[in-house]
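Please read the structure below before turning to the comments.
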Amino acid sequence: MQFQISGKQIDVGEALRSRVEDGLSAVVGKYAKRATDAHVTFSREGHEFACEIIVHLSTGLTAQAHGHEHEIHAAFVQASERMDKQLRRYKRRLKDHHRSRTTPVELSDASSYILAASEAGQDSEAEQEQEPESLQPIIVAEMEAKIPSLSVGEAVMQMELAGAPVLVFRNEGHSGVNVVYRREDGNIGWVDPRSAE
C-alpha cells in the first residue's frame with residue numbers, strides 16, 4: 001500500500017510517520033487485502049489536532065475517517081479506530097463486492113464547483129429580501145471529480161464508507177446518473193431520473 005502522509009502547517013516527524021504506516025496497514029489489512037493507497041493529513045483546528053484518513057481500495061471504493069484530539073497521536077488513533085469500525089461493519093459486503101466484481105469500478109471525469117455562500121452580513125428581513133445584483137452564483141473553486149459506475153447497493157456502501165452526505169454515481173444497470181443521500185430521518189434517499197420518465 002502506498003502512503004501519502006502530510007501535515008497542513010504541521011511537521012510530521014518520522015516517529016508519527018512510521019506509527020501511521022504500521023497502524024493503518026494493520027487496520028486495513030484485516031478487512032481489505034487489496035488497498036492501493038492511503039492519504040493521511042494532519043492539521044490543527046484551534047487547540048486540537050485533526051487527522052483525516054482516506055483509503056482507496058483497488059476496486060474503486062474509498063473509505064474515509066476523521067479524528068480530533070488534543071494530541072496528534074491521539075487524533076490518529078481516533079481516526080484509525082473509526083476506519084476500523086467502518087471496515088468491520090462492511091467486511092462481509094466488501095468481500096461479496098470483490099467476488100461479484102471482476103473489474104475495478106469504472107470512473108468518469110466530471111467538473112466539481114464550489115459556489116460562494118450568500119453574504120453573512122444580511123441580518124434584517126429587509127436585507128434578506130433584497131434582490132441580488134446578479135442571479136449568477138460566484139464560483140469560488142473548480143476541481144475535477146470522478147463519478148463511479150456502481151450498483152445502488154455499492155453506491156450506498158461507498159457513501160457510508162466515505163462518510164459523505166450524498167454520492168453522485170452512474171448506475172450500472174442503465175448507465176444513467178443517479179444520486180443517493182442521507183435523509184434527515186436517517187434513511188437513505190435514491191434519486192433515479194430514468195424511473196421518472
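When the residues of the stretch 134-176 are filtered to those that are within 30 Å of Tyr31 (Cβ to Cβ) and of a type in the set (D, E, K, R), the one that is surrounded by the fewest Cβ atoms within 10 Å (Cβ to Cβ) is Glu144.
Identify the single condition in (1) surrounded by 15 or more Cβ atoms within 10 Å (Cβ to Cβ); (2) β-branched (Val, Ile, Thr); (3) at pLDDT below 90 that Thr103 does not satisfy, given that it satisfies every other one. Answer for Thr103: the failing condition is (1).
Scanning the stretch 1-19 for residues that are surrounded by fewer than 11 Cβ atoms within 10 Å (Cβ to Cβ) and either touching a Cys at 6+ places or on another chain (Cβ under 8 Å) or modelled with pLDDT under 90 (or both) yields Gln2, Gln9, Asp11. Is it true that Ile114 is of a type in the set (Val, Ile, Thr), surrounded by fewer than 14 Cβ atoms within 10 Å (Cβ to Cβ) and either in the same structural domain as Thr36 (by TED's automatic domain parsing) or at pLDDT 75 or above (or both)? No: the conditions fail for Ile114. Whenever a residue of the stretch 48-60 is under 12 Å from Gly163 (Cα atoms), its partners that are β-branched (Val, Ile, Thr) and at pLDDT 85 or above, lying with C-beta atoms within less than 6 angstrom and at least six residues away or across chains, give the pairs Glu52/Thr41; Ile53/Val40.
Taken together, the residues in the stretch 48-82 that are modelled with pLDDT under 90 and not in a strand (DSSP E or B) amount to 4.
Would you mind stating whether Ala15 is part of a helix (DSSP H, G or I), closer than 13 Å to Val77 by Cα and either of a type in the set (Lys, Arg) or without any contact (Cβ under 8 Å) to a residue 60 or more places away in the chain (or both)? No, not satisfied.
In the stretch 140-152, the residues that are among the acidic types (Asp, Glu) reach residues that are surrounded by fewer than 16 Cβ atoms within 10 Å (Cβ to Cβ) and part of a strand (DSSP E or B) with C-beta atoms within less than 6 angstrom, at least six apart or across chains, in these pairs: Glu142/Tyr113. The residues of the stretch 20-47 that are assigned to a helix (DSSP H, G or I) and surrounded by fewer than 17 Cβ atoms within 10 Å (Cβ to Cβ), listed by number, are Glu21, Asp22, Ser25, Ala26, Gly29, Lys30.
The values are calculated or read from the model by the stated rules, or taken from the named source; none is laboratory data. Please read these numbers as outputs of a predicted model, since none were measured by experiment. Don't worry about glycine lacking a Cβ; one is built from the backbone with ideal geometry, like all the others, and counts go over all protein chains shown.
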